[in-house]
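Here the structure comes first, spelled out in structure tokens, and everything after it is commentary.
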Amino acid sequence: MVLYGLYVAYSMYNKPHKIISEQDVDYRLTVDEIIEAYTNDETVANAKFIDKVVVLEGTLKSIAASESSLSIVILEGENGLANCEFFNSDLHLSKSPNPGDKVFIKGLFIGYDDLLGELQLKKCTIIPTDF
């Protein structure tokens, strides 16, 4: 029994991580569409979107770099925001977007904070607007 437990722990620790930029997209939505889904029925929306790869369309509000080599990009819609976490290496673009630009961000959806009205994504990349 102990050996089995050690095997499971070792396997989980060494499990390869998903590279989100290489995963198929489960949903393409605007920031407002996914917030509306959460406003209508949070339980259904959680079952549908949590741990899924999504492409969100929104207006770039800001980019903020942190000391831990992560950047946070804020997308906004009319009804709320999306907080998108990037590794800095995934944020380098030949043509960087500016605040106010329409952008598409692909990432792993991890939740919605209804108190702040914010969607949460991690392991994000910006994809071309003509995808």
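For the reader, a short list of remarks on this structure follows.
- Residues within region 72-131 that are small (Gly, Ala, Ser), surrounded by fewer than 20 Cβ atoms within 10 Å (Cβ to Cβ), at pLDDT 85 or above and closer than 24 Å to Ala45 by Cβ, tallied: 1
- Where Val44 falls short, out of the listed (1) assigned to a strand (DSSP E or B); (2) closer than 18 Å to Tyr112 by Cα; (3) out of contact with any Leu (no Cβ under 8 Å at 6 or more places or on another chain): (1)
- Lys48 being within 10 Å of the chain's Cα centre (by Cα) and either modelled with pLDDT of 90 or more or not charged (D, E, K, R) (or both): no
- Within region 1-41, restricting attention to residues that are of a type in the set (A, V, I, L, M, F, W, C) and assigned to a loop (DSSP other than H, G, I, E, B), the residue that is modelled with the highest pLDDT is Val25.
- Flag if Val53 is farther than 16 Å from Gly80 by Cα, at pLDDT 90 or above and of a type outside the set (Gly, Ala, Ser): yes
The values are calculated or read from the model by the stated rules, or taken from the named source; none is laboratory data. Bear in mind the structure is a predicted one, so any value in this text is a computation, not a measurement. Note that we place each Cβ from the backbone using ideal geometry, even for glycine, and neighbour counts take in every protein chain shown.
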